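The values are calculated or read from the model by the stated rules, or taken from the named source; none is laboratory data. Treat the numbers as computed from the prediction; the structure is a model and nothing was measured. Heads up, the Cβs are rebuilt from the backbone with ideal geometry, glycines too, and the neighbour counts pull from every protein chain shown. With ligands, DNA and RNA removed, areas are computed over all heavy atoms of the protein, side chains included. Shrake-Rupley method; radii C 1.70, N 1.55, O 1.52, S 1.80 Å.
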Amino acid sequence: MKRMRVLRTIGLAATMALAASATMVPRLSLEEMVDRSELIVRGRSVRMWSAWDAKGQFIWTHNEIEVAETWKGGPGARVIVSEIGGTVGDDAMQVEGVPQYQAGEEVVLFLYRTPIGYWRSRGMGQGKFRVAAGGKVRTQTGGAALIAPTGAVHRGTDLGQLDGASLDQLRSLVRALIPGGRR
């Protein structure tokens with residue numbers, strides 16, 4: 001049996017790794033998430049694959065999302081969300097705090113465009129809400145340690161308060177924060 005080589009990194013958005021291998025990520029409020037996201041969509045994960053970047057430095061996992069509803073921005077019928085980490089052949093790269101996707105899962109995503117052109121979730125796992133049975137949204141941090149930015153006072157709606165809210169409630173809150181109430 002081949003041994004898998006595991007590469008570890010703290011990711012592009014993280015600043016430090018904790019002793020427990022968690023990634024430290026600035027805690028964002030709903031207001032910050034809406035303001036800092038170029039694209040907010042509800043959709044379903046339909047396909048996933050991992051590949052090395054063009055320079056062969058990082059493995060990225062790409063998630064094709066079939067868009068059911070756009071709350072901010074305008075992606076079209078599908079969007080590819082790329083998160084750092086994954087497995088290619090015998091190589092694996094694991095990054096704590098990066099959201100994981102499951103085929104067929106319904107999600108609400110808060111996205112931004114990276115300098116290399118990939119769409120990524122804002123605030124790592126904070127930018128992905130899973131829509132559970134009954135239309136309830138579930139927040140995810142994916143192993144990240146959420147911290148308040150140095151010297152900052154956390155203001156706004158804590159994302160943890162939204163865990164278990166209905167999809168309709170989240171949609172209303174988000175749209176109320178977008179100038180003009182919509183895209």
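Quick rundown of the values:
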| quantity | calculated |
| --- | --- |
| Answer residue from segment 24-41, given it is in contact with a helix residue (DSSP H, G or I) (Cβ under 9 Å, 6 or more places away or on another chain) and buried (at least 21 other Cβ atoms within 10 Å of the Cβ) and is nearest to Ile65 (Cα to Cα) among those | Ile40 |
| Residues satisfying the stated conditions in segment 42-57, i.e. modelled with pLDDT under 95 and either in contact with a Gly (Cβ under 9 Å, 6 or more places away or on another chain) or open to solvent by 60 Å² or more (accessible area, probe 1.4 Å) (or both) | Ala54, Lys55, Gln57 |
| Index of the failed condition, Gly74 passing every other in (1) open to solvent by less than 50 Å² (accessible area, probe 1.4 Å); (2) assigned to a loop (DSSP other than H, G, I, E, B); (3) in contact (Cβ under 8 Å) with a residue 40 or more places away in the chain | (1) |
| Residues (over 16 Å from Phe129 (Cα atoms), assigned to a strand (DSSP E or B) and within 16 Å of the chain's Cα centre (by Cα)) located in segment 83-114 | Ile84, Gly86, Gln94, Arg113 |
| Residue check for Glu66: of a type in the set (Asp, Glu), modelled with pLDDT of 95 or more and open to solvent by 40 Å² or more (accessible area, probe 1.4 Å) | yes |
| Residue in segment 146-183 that is modelled with the highest pLDDT, counting only those that are among the hydroxyl-bearing types (Ser, Thr, Tyr) and open to solvent by 50 Å² or more (accessible area, probe 1.4 Å) | Ser172 |
| Filtered residues of segment 87-107 (kept if touching a Gly at 6+ places or on another chain (Cβ under 7 Å) and either closer than 20 Å to Ala68 by Cβ or among the acidic types (Asp, Glu) (or both)) | Glu96, Pro99, Val107 |
| Inter-residue pairs, beta-carbon under 8 Å, first of a type in the set (S, T, N, Q) and in segment 94-114, second open to solvent by 10 Å² or more (accessible area, probe 1.4 Å), 6+ apart | Gln94/Val6; Gln94/Leu7; Gln94/Arg8; Gln100/Gly142; Thr114/Leu12 |
